[in-house]
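Working notes, beginning with the structure itself.
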């Protein structure tokens, strides 16, 4: 994975990892490669030392199958609506709401509309991006 050490943080645009020690790094997410991991989920990924961050655009009707993983996962909906089912309990997330999925919790997602969301995993998921 690429690392940002020694690069100008204003112009730096990573395609994988950031590891700048104590220095702040700015990431221009509009320059990151778009990856469609699942139909209707188009993401731009980057990694800090401990987290994976994904900026998604999603299409209404797109879904993420029920699954679980050891990372805690946070969904912040910027536009549109998502139905998140966590341990069998469905809830609607829309702008202004944040969904927190505990580590190892079974969860699935359905896009009720077109929209955008930021999803953060801790600890990092290096297989993304």
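Remarks
- Number of the exception - residue 7 against (1) surrounded by 13 or more Cβ atoms within 10 Å (Cβ to Cβ); (2) at pLDDT 95 or above; (3) outside any strand (DSSP E or B): (2)
- 2 or more residues crowded, with 19+ Cβ neighbours inside 10 Å: qualifying strands (runs of 3 or more DSSP E) within the range 35-124: 41-47, 52-58, 72-79, 82-86, 98-101, 107-111, 115-122
- Selection within the range 101-129 - without any contact (Cβ under 8 Å) to a residue 60 or more places away in the chain and closer than 18 Å to residue 55 by Cβ: 101, 109, 113, 114, 115, 127
- Considering (1) modelled with pLDDT of 95 or more; (2) crowded, with 16+ Cβ neighbours inside 10 Å; (3) not in a strand (DSSP E or B), the lone condition that residue 128 does not fulfil carries the number (1).
The values are calculated or read from the model by the stated rules, or taken from the named source; none is laboratory data. Keep in mind it's a predicted model, so treat the numbers as computed, not measured. Every residue, glycine as well, gets a Cβ built from its backbone with ideal geometry; the counts of neighbours run over all protein chains shown.
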